[in-house]
Amino acid sequence: MNTTDALVDRALERHALSSMLVSVLSYRELLRNLVLKDLKLKYRGSLLGFLWSLVNPIALTTVYTLAFNYILRIGQPGFPFFVLLGVLAWSFFVNATTMSTVAIIDGAGLIKAVRFPRAILPIATVLFNLAQYLLSVVVLLPAMFLLYRVPPSGPMLLFPVILGLQVTFTVGLALILSVATASFRDVRHFVEIALWALFWTTPIVYPLTQVPESTRWLILLSPMSSFIVAYQRIFYEGVWPGLSIVMVCALYAVVMFGAGALWFVSVEDRLVERL
């Protein structure tokens, strides 16, 4: 191999979506190191370490159970299990989305010092939160299965597929928000308000079946609704989520990732000017 070719920075060659994907894969070691660094920093000096990641979903589930099941009395059997499924997936989405807004800004020093695919920064924030989500799922879901005597079922095999679509969707949104915030710092504040509104239009503390059928499609338009409903049907109801739900998840994932990646590629060369 020619020595000159070996020294060419592949980050300079991206002018298309496919090239960006290839370049990110070629820097996967950097991506892995960024994720591991964030995980170590998060739990450094903490006595409980990873267990702190379980506190938030457990606390939220407890509060919602008390409010809806015992005070308002509009819950349902196994309500804590039902809510926990939504809270876990929602927390992953919210944390990844919120962190992605400052991914480029916080990485300004690295961007100015080293040439690499800039998309790695928002992608690393999503994967960091994905790692925490999976660790929480590994601990909390088996506990719920035992508590509510939920047997393993075929639909649970669909979990990696739905999760993969959610990750794809979240990465696309993270790419958009990271470059948008680099240009307009107010974006992250608007995102916080939007996420608060989206929470109540997502069937986390109420089942989709309680929504009037004539307006149910409006709830499914909320970006995270189809993913949350899929998890609830797979684990809580023990049934297949249905082709329509899976198709909506896939549509959101493909459209958001495509839009995010294409926009990121179009502005990536100008990111340094905005920092």
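Here are some notes:
- Considering only alpha-carbon pairs that sit under 8 angstrom and 6 or more positions apart, the relative contact order computed for region 56-206 is 35 percent.
- Value of Rg to Rh for region 45-116 (Rh from inverse mean 1/r over Cα pairs, i.e. Kirkwood): 1.21
- For region 201-275, the Cβ-based charge dipole about the Cα centre amounts to some 120 debye (Lys, Arg positive; Asp, Glu negative; other atoms uncharged).
- Cα convex hull of region 106-174 - mean projected area over all directions, nm²: 6.0
- Calculated mean residue ellipticity at 222 nm for the chain: -21500 deg cm²/dmol, from DSSP H runs with n ≥ 4 weighted as -39500 (n - 2.57), summed, divided by the residue count and rounded to 500.
- For region 172-188, the Karplus equation 6.51 cos²θ - 1.76 cosθ + 1.60, evaluated at θ = phi - 60°, returns couplings of x, 5, 5, 4, 5, 5, 5, 7, 5, 5, 4, 8, 10, 5, 6, 4, 5 Hz by residue, with Gly and Pro reported as x.
- Here the chain is treated with +1 on each Lys and Arg Cβ and -1 on each Asp and Glu Cβ, and its dipole about the Cα centre works out to around 400 debye.
- Among 113, 131, 250, residue whose mean-square fluctuation peaks in a GNM of the chain (springs only between Cα atoms under 10 Å): 113
- Debye equation applied to the C-alpha atoms of region 47-274, log10 I(q)/I(0) at 0.10, 0.15, 0.16, 0.17 Å⁻¹: -0.49, -1.03, -1.14, -1.26
- With θ taken as phi - 60° and the Karplus curve 6.51 cos²θ - 1.76 cosθ + 1.60 applied, the whole-hertz 3J(HN,Hα) list for region 222-236 is 4, x, 8, 4, 5, 5, 4, 4, 4, 4, 5, 6, 5, 9, 6 Hz, x standing for glycine and proline.
- Largest first, the extents of the alpha carbon coordinates of region 170-218 on the three principal axes equal 41, 19, 17 Å.
- Convex hull of region 176-275 built on C-alpha atoms - directionally averaged projected area, nm²: 7.6
Each reported figure results from applying straightforward, stated rules to the coordinates on display, with no laboratory input. Everything numeric here is computed off the predicted structure, so don't read it as measured data. Methodologically, a virtual Cβ is constructed for each residue, glycine included, from the backbone with ideal geometry; neighbour enumeration extends over all protein chains shown.
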